[in-house]
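Please treat every number below as a calculation from the coordinates, not as lab data. Remember, predicted model here, so these are calculated numbers, not experimental data. So basically every Cβ, Gly included, is an ideal-geometry build from the backbone, and we count neighbours across all protein chains shown.
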Amino acid sequence: MSLKKKLTAFDLTMIAIGSTIGSGIFFTPSLIAKSLNDPLLILFAWLVGGLMALSGALTFSELGSMFPEAGGVYVYLNKAYGELAFNFFSMTAVSIFIFRRKLPQIERPYSTFGYPVTPLFFIAMAVWFVVNTLIEKPQQAWAGLLFLGIGIPVYYFWKRKK
């Protein structure tokens with residue numbers, strides 16, 4: 001007896017949405033309510049967050065169906081950008097555009113709903129979070145960017161070694 005390796009688009013989407021909701025549903029409502037005193041703004045914040053979670057889930061569903069391997073995000077980044085994967089989470093969504101261009105023949109059991117708008121929305125929101133962090137928490141953001149910047153020479157060193 002062996003397990004079947006089969007996940008539908010619905011399965012993949014629900015896994016991604018479930019992990020997103022599960023990671024913050026018990027902590028963030030009170031924080032949002034404290035920050036936003038208007039009930040309509042609170043609902044709007046949840047609507048935007050829900051749209052972002054859905055766009056990310058649909059985007060990751062396509063990637064998961066293209067490369068059904070253990071390793072999750074690392075697998076996608078490694079295949080798209082090489083052995084030294086990028087650290088920006090939004091680069092994973094960019095990889096859909098790269099794979100569709102470099103590997104048009106690869107089997108896609110699932111294609112991102114609303115392509116190219118859905119992954120572009122996800123990328124835009126991720127970039128917004130980076131910019132917002134630069135504005136709201138500049139010391140932490142610059143420390144992170146410095147860490148990433150140090151990684152650039154390392155990347156070229158490893159690339160040159162091959």
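Per-structure values
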{"quantity": "Student exercise, segment 9-161 dipole from Lys, Arg, Asp, Glu Cβ charges, in Debye to nearest 20", "calculated": "560"}
{"quantity": "Shape metrics for the chain, restricted to C-alpha atoms - Rg then Dmax, Å", "calculated": "18.1, 57"}
{"quantity": "Over the chain, relative contact order from alpha-carbon pairs under 8 Å, at least 6 apart, %", "calculated": "23"}
{"quantity": "Simple spin-label estimate for residue 142 and residue 73 in nanometres, 7 Å along Cα-Cβ", "calculated": "2.5"}
{"quantity": "Residues of type lysines that residue 34 reaches as a straight line, Cα spacing below 21 Å, ignoring anything fewer than 8 places off in the same chain", "calculated": "137"}
{"quantity": "Of the DSSP H helices in the chain, those whose Cα atoms cover at least 20 Å axially and whose Kyte score averages 1.6 or more", "calculated": "117-136"}
{"quantity": "Helical mean residue ellipticity (222 nm; -39500 (n - 2.57) per DSSP H run of 4+; nearest 500) of the chain", "calculated": "-24000 deg cm²/dmol"}
